[in-house]
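Below is one structure, written out as structure tokens; the observations come after it.
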Amino acid sequence: MIDGQGMKLIEPLRELFKDEVRALGRELGIAHELVMRHPFPGPGIAIRVLGEVTPERVEIARKADHIFISMIREAGLYDKISQAYAALDPTKAVGVMVSQPPTCIWSKLSRRLSLIRAINASTPKSSSCAPSKLPTVSITRPPTPIPFPVDKG
């Protein structure tokens, strides 16, 4: 875009690490939600769809990600995690769901798998990471909220 137009691209933030960019953002008065937003890997949401990328599968990944991130925010963990997201696996899992008494209806379900990932950078200036230690309550809750609003089969 700039080549051949007599202009030079200047990227003053390119050499800064995430923590330095966030400190600068705070100094400039940028909203906390924008300053602390997790980095988005790859060219977009399609990178989180393993296997064939279709509009339907992208939408499922988008909804699963929204639910997972919302749960992390509700638990007060979002700013303590370097990056978290949900991805869509190409396989399906079969399970049994039991409704609560008095009806106790058993039904066999075939659902898409949503993979969830939460990581922390080893240090603010590090490119290595480790899994986030999510409280059990946070990681045992996703199986119900994610599949039902997202996947219809």
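The values are calculated or read from the model by the stated rules, or taken from the named source; none is laboratory data. Note that the structure is predicted; figures quoted are calculated from it, not measured. Because the Cβ atoms are built from the backbone with ideal geometry, glycine has one as well, and the counts that use them run over all protein chains shown. We work out accessible area using only protein heavy atoms, side chains counted, and drop any ligands, DNA or RNA first. Shrake-Rupley method; radii C 1.70, N 1.55, O 1.52, S 1.80 Å.
Which of the numbered conditions does residue 69 fail, given that it passes all the others? Conditions: (1) more than 19 Å from residue 115 (Cα to Cα); (2) open to solvent by 20 Å² or more (accessible area, probe 1.4 Å); (3) of a type in the set (Val, Ile, Thr).
Residue 69 satisfies all of (1) more than 19 Å from residue 115 (Cα to Cα); (2) open to solvent by 20 Å² or more (accessible area, probe 1.4 Å); (3) of a type in the set (Val, Ile, Thr) except (1).
Every residue in the stretch 51-66 that is within 25 Å of residue 133 (Cβ to Cβ) and open to solvent by 30 Å² or more (accessible area, probe 1.4 Å), please.
Of everything in the stretch 51-66, just one residue is within 25 Å of residue 133 (Cβ to Cβ) and open to solvent by 30 Å² or more (accessible area, probe 1.4 Å), namely 66.
In the stretch 94-116, what count of residues is obtained for those that are surrounded by 12 or more Cβ atoms within 10 Å (Cβ to Cβ) and either of a type in the set (A, V, I, L, M) or modelled with pLDDT of 85 or more (or both)?
So the answer is 5.
When you scan the stretch 17-39, how many residues do you find that are under 27 Å from residue 135 (Cβ atoms) and touching a residue at least 12 places away in the same chain (Cβ under 8 Å)?
7
If I ask for residues that are modelled with pLDDT under 85 and open to solvent by 40 Å² or more (accessible area, probe 1.4 Å), which ones from the stretch 76-92 would you list?
Passing the criteria: 91, 92.
Being open to solvent by 90 Å² or more (accessible area, probe 1.4 Å), modelled with pLDDT of 80 or more and part of a loop (DSSP other than H, G, I, E, B) is the filter here; which residues of the stretch 18-45 pass it?
Selection gives 28, 37.
I'd like to know if the stretch 141-151 contains one or more residues that are exposed (fewer than 13 other Cβ atoms within 10 Å of the Cβ) and at pLDDT 65 or above.
no
Only residues that are over 22 Å from residue 22 (Cβ atoms) and part of a loop (DSSP other than H, G, I, E, B): list them for the stretch 46-79, please.
50, 51, 52, 53, 54
How many residues does the stretch 1-17 contain that are polar (S, T, N, Q) and at pLDDT 80 or above?
Going through the stretch 1-17, the residues polar (S, T, N, Q) turn out to be 5.
From what's left, at pLDDT 80 or above: none.
Final tally of qualifying residues: 0.
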